[in-house]
Amino acid sequence: MKTLYPAKNVLAAIGLVAVAGVALAQDLMKPVAVEPEALTWKDNPALPKGAQTAVVFGDPTKPGEIFVQRIKLPPNYQVGPHTHPYTGYETVISGSFYVGEGDKLDKKGELHKTGSFSIMPAKHAHYAWTESEGVVLQVQAIGPTGIDYINPADDPRKTQ
């Protein structure tokens, strides 16, 4: 397994999520379960056409709130180089996709298969693509969500 980030950064991020989780758990005071068929998938204007997202838990638009969302990318799809304002904890639910680092989509990256887990630090430039199969990715983070494309021409919100 390739380590992209120092262990101390990973441990600090896990600690932050744990502390936020304790605070959230105190507010919930009851278990929460979400079945896959209960998810509402929607087109996401911040991603190129074909992608869909579903909120599993929380409100991704609220600052400081833990959220969980799923992102569905179809086969033969790509998301240009971009960053997020949050550190994302990502699990591949089904399928596979590639993730590369940097500000140019040169398709040099790592394959993430079903069951893979990764951490993407806030404001870290990266890109993603699928090949013959799509992917369903689960992202957990502390809001607000967002995506900032390195190259404005890659941003589908600017071309609609």
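Readers should treat all values here as calculations from the given coordinates under stated rules, not as data from a laboratory. Remember, predicted model here, so these are calculated numbers, not experimental data. Neighbour counts are summed over all protein chains in view; Cβ atoms, including those assigned to glycine, are modelled from backbone coordinates with ideal geometry.
Here are the numbers for the structure shown:
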| quantity | calculated |
| --- | --- |
| Length gained when the stretch S94-K30 is fully extended (0.36 nm per residue, less Cα-Cα span) | 20.2 nm |
| Computed P(r) (all Cα pairs; region 70-160; 10 Å bins; percent) | 18, 51, 30, 1 |
| C-alpha center-to-center spacing [region 136-160, region 52-95] in angstrom | 9 |
| Surrounding net charge for Q52, when Lys and Arg each add one and Asp and Glu each subtract one, Cβ distance under 9 Å | +2 |
| Segment E37-D106, length gained on full extension (0.36 nm per residue, minus Cα span) | 21.2 nm |
| Dimensions (Å) - region 52-108, Cα atoms, principal axes, largest first | 34, 24, 16 |
| Cα convex hull of region 7-158, projected area averaged across orientations, nm² | 9.2 |
